[in-house]
2 protein chains.
Amino acid sequence: MTKRVAYFGPAGTFTEAAALRYDPQAQLLPFSSIAAVAAAVDAGMAEEGVVPIENSLEGSVTDTLDLLIHESHLCIRHELVMPIEHCLLVRPGGSAQEVRVVYSHPQALGQCRRFIERCFPKAQAVAALSTAAAVEEMLQSQLPAAAIAPSRAAEIYGAEVLARGIQDHPSNSTRFVVLAHQDHPPTGRDKTSLCFSFEEDRPGLLYSVMGEFASRSINLVKVESRPNKESLGRYVFLIDLEGHREDPIVKEALHGVRAEASMIKILGSYPRYADWA
Amino acid sequence: MTKRVAYFGPAGTFTEAAALRYDPQAQLLPFSSIAAVAAAVDAGMAEEGVVPIENSLEGSVTDTLDLLIHESHLCIRHELVMPIEHCLLVRPGGSAQEVRVVYSHPQALGQCRRFIERCFPKAQAVAALSTAAAVEEMLQSQLPAAAIAPSRAAEIYGAEVLARGIQDHPSNSTRFVVLAHQDHPPTGRDKTSLCFSFEEDRPGLLYSVMGEFASRSINLVKVESRPNKESLGRYVFLIDLEGHREDPIVKEALHGVRAEASMIKILGSYPRYADWA
């Protein structure tokens with residue numbers, strides 16, 4: 001049976017590109033929110049789900065983090081990193097000279113702000129719900145318009161690519177995670193994501209938890225905090241570390257964390273992208 | 001001369017309420033973005049500027065953090081925490097029964113999602129640029145509409161408050177900071193915010209920096225990471241600690257951090273809100 005992979009759609013977004021890159025053979029099912037992707041996997045409508053988790057310019061996708069912390073029991077089974085190349089799309093035969101409106105998702109507009117200011121100083125930037133929706137709005141626009149979207153959106157919606165790589169910052173990439181009911185067996189080159197919080201409000205406890213890893217030479221790849229949603233100034237901490245949760249020293253460190261934290265949730269162990277790419 | 005305080009406006013937003021609470025005597029000047037508030041203070045159009053930095057449900061206001069890290073030389077001179085009470089506003093004489101559209105800023109819509117689903121299952125939620133803009137759009141709407149906004153927006157725009165405290169989560173509060181050219185002299189009950197990053201990608205360095213504070217019993221109130229905007233997986237760390245940058249032990253610890261970090265920026269020392277409220 002063909003594997004079904006849900007993704008944060010619609011078709012023509014960078015998340016679809018990530019899902020295609022992850023499994024070109026899978027049946028891809030678009031969903032309209034990150035929560036809907038998780039719900040689809042949870043309910044068995046798809047075996048796996050692809051969602052963005054972090055961008056090199058914007059930082060964490062907080063919807064994904066908060067879903068993993070507070071709502072979902074799904075695990076991270078894979079990660080992948082995709083370069084983000086924004087393109088300028090117009091109607092077939094359209095030209096850049098006449099553009100009066102530029103549609104895109106607010107993040108994409110922000111990432112191409114200088115390009116828009118330079119090339120279209122008089123155009124109005126208009127927010128769309130996704131880069132794919134921006135292409136549809138551009139095609140239906142009364143005024144001469146352009147959209148900022150991945151090049152694949154041009155194929156899907158029948159638009160024309162006028163310019164490629166128009167983002168202001170050359171190093172723009174997004175990390176995606178594949179959610180599933182189970183995480184990945186050890187491969188020897190793994191990462192583990194976990195979150196934890198403390199009953200008491202003593203930030204020294206975070207230092208002590210980090211010591212569990214430092215004293216065992218376990219490399220922390222990422223340390224992040226999110227509000228615990230109960231009171232301002234109280235946090236849930238997220239850590240990505242090198243190693244698999246079944247590795248003996250990681251197991252030992254996690255045992256130590258368990259003794260200090262009031263809540264700990266292992267979000268999953270999975271192959272490091274650099275190593276499977 | 002009356003002090004001029006810039007704020008992230010327009011009038012009728014929670015940031016205006018924070019600015020009023022901070023200095024009821026000041027002349028308040030609204031600006032349309034967080035960057036514009038900083039630019040206004042920088043250029044001398046206002047002595048101080050009020051911007052949101054953190055919400056108990058949504059987490060950090062990344063625009064404010066990135067501005068402080070990468071762009072502005074302004075300091076944090078004060079902080080204040082405001083409870084966020086969302087209200088349902090309609091046209092004068094309007095009723096809840098007929099509401100077909102609910103306007104608000106996406107964050108406010110998100111924070112009142114369950115309320116909207118329960119009370120207006122058939123209404124369409126429409127995003128506005130600010131809670132104040134939502135009230136204006138509601139007043140001009142063709143369809144019977146409501147807006148989610150602070151109660152003060154009802155006074156300013158001549159709308160009627162139909163319901164108060166409609167947020168799904170009772171403990172919703174936002175921390176604001178006052179930006180100025182200089183931070184605050186020591187009061188004995190202070191906080192200090194700083195950010196730093198490392199040349200090398202060795203997360204053990206964060207642990208070591210945290211040790212500079214832990215070993216001196218300096219309490220860390222917050223630890224946060226933001227992308228360094230150069231490559232995925234490289235971060236700038238932000239720390240809020242208890243104490244003033246001129247306190248001898250804080251000075252000593254900061255000296256230690258300086259030796260380990262490739263970049264360190266003291267964002268300011270200021271009175272702890274709990275103590276001046």
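The values are calculated or read from the model by the stated rules, or taken from the named source; none is laboratory data. Treat the numbers as computed from the prediction; the structure is a model and nothing was measured. Cβ sites come from the backbone with ideal geometry, for glycine too, and all protein chains shown count toward neighbours.
Structural remarks
- Residue within segment A:132-151 that is over 16 Å from A:Glu85 (Cα atoms) and free of Cβ contacts under 8 Å to residues at least 12 places away in the same chain present: yes
- Complete set of residues in segment B:135-152 that are assigned to a helix (DSSP H, G or I) and of a type outside the set (Asp, Glu): B:Val135, B:Met138, B:Leu139, B:Gln140, B:Ser151, B:Arg152
- Answer residue from segment B:37-68, given it is within 12 Å of chain A (Cβ to nearest Cβ), of a type in the set (A, V, I, L, M, F, W, C) and in contact with a Ser or Thr (Cβ under 9 Å, 6 or more places away or on another chain) and is farthest from B:Pro227 (Cα to Cα) among those: B:Leu57
- Filter result for B:Thr15 (of a type in the set (Ser, Thr, Tyr), under 29 Å from B:Leu162 (Cα atoms) and under 14 Å from the mean Cα position of the chain (by Cα)): yes
- Unmet criterion (only one of (1) farther than 16 Å from B:Lys222 by Cα; (2) more than 10 Å from chain B (Cβ to nearest Cβ); (3) of a type in the set (Ser, Thr, Tyr)) for A:Ser217: (2)
- When segment A:220-233 is filtered for residues that are part of a loop (DSSP other than H, G, I, E, B), without any contact (Cβ under 8 Å) to a residue 60 or more places away in the chain and farther than 20 Å from A:Arg258 by Cβ, the ones remaining, listed by number, are A:Glu230, A:Ser231, A:Leu232, A:Gly233.
- Candidates are the residues of segment A:234-277 that are assigned to a loop (DSSP other than H, G, I, E, B) and under 24 Å from the mean Cα position of the chain (by Cα); the one that is farthest from A:Ser217 (Cα to Cα) is A:Ala277.
- Here is the figure for segment B:125-134: residues that are touching a His at 6+ places or on another chain (Cβ under 7 Å), part of a helix (DSSP H, G or I) and of a type outside the set (Ser, Thr, Tyr) total 1.
- Per-region count, segment B:220-242, residues among the hydrophobic types (A, V, I, L, M, F, W, C), facing chain A (nearest Cβ under 7 Å) and touching a helix residue (DSSP H, G or I) at 6+ places or on another chain (Cβ under 9 Å): 2
- The residue that is farthest from the chain's Cα centre (by Cα), among those in segment B:153-169 that are small (Gly, Ala, Ser) and in a helix (DSSP H, G or I), is B:Ala154.
Let's see how each residue does on (1) within 24 Å of B:Met138 (Cβ to Cβ); (2) at pLDDT below 95:
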site: B:Tyr22; (1), (2): no, no
site: B:Leu28; (1), (2): yes, no
site: B:Ala39; (1), (2): no, no
site: B:Leu57; (1), (2): yes, yes
site: B:Glu71; (1), (2): no, yes
site: B:Cys75; (1), (2): no, no
site: B:Leu80; (1), (2): no, no
site: B:Glu85; (1), (2): yes, yes
site: B:Gly93; (1), (2): yes, yes
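- No other residue among A:Arg175, A:Arg245 is under 21 Å from A:Thr64 (Cβ atoms), within 8 Å of chain B (Cβ to nearest Cβ), crowded, with 17+ Cβ neighbours inside 10 Å and touching a residue at least 40 places away in the same chain (Cβ under 8 Å) apart from A:Arg175.
- Applying the condition of being more than 18 Å from A:Ala6 (Cα to Cα) and not in a strand (DSSP E or B) to segment A:170-182 and asking which residue is farthest from the chain's Cα centre (by Cα) yields A:Pro170.
- Residues in segment A:29-52 that are under 17 Å from A:His70 (Cα atoms), free of Cβ contacts under 8 Å to residues at least 60 places away in the same chain and under 15 Å from the mean Cα position of the chain (by Cα): A:Ser33, A:Ile34, A:Ala35, A:Ala36.
- Taken over segment A:213-232, the residue count meeting the criterion of being under 20 Å from A:Gly59 (Cα atoms) and out of contact with any strand residue (DSSP E or B) (no Cβ under 7 Å at 6 or more places or on another chain) is 1.
- Among residues of segment B:183-218, those that are modelled with pLDDT under 90 and part of a loop (DSSP other than H, G, I, E, B), counted: 5
- Exactly one residue out of B:Leu206, B:Leu194 is assigned by TED's automatic domain parsing to the domain that holds B:Leu267, under 30 Å from B:Leu67 (Cα atoms), surrounded by 14 or more Cβ atoms within 10 Å (Cβ to Cβ) and under 23 Å from the mean Cα position of the chain (by Cα): that is B:Leu194.
- Set A:Ala133, A:Ala128, A:Ala123, A:Ala154: member being in contact with a helix residue (DSSP H, G or I) (Cβ under 6 Å, 6 or more places away or on another chain) and either closer than 29 Å to A:Ala274 by Cβ or not basic (Lys, Arg) (or both): A:Ala128
- Test: A:Arg91 is basic (Lys, Arg) and closer than 24 Å to A:Tyr273 by Cβ: no
- Of the residues making up segment B:108-124, not one is under 24 Å from A:Asp66 (Cα atoms), without any contact (Cβ under 8 Å) to a residue 24 or more places away in the chain and outside any helix (DSSP H, G or I).
- Test: residue in segment B:240-258 that is touching a Cys at 6+ places or on another chain (Cβ under 6 Å) and closer than 30 Å to A:Asn172 by Cβ: no
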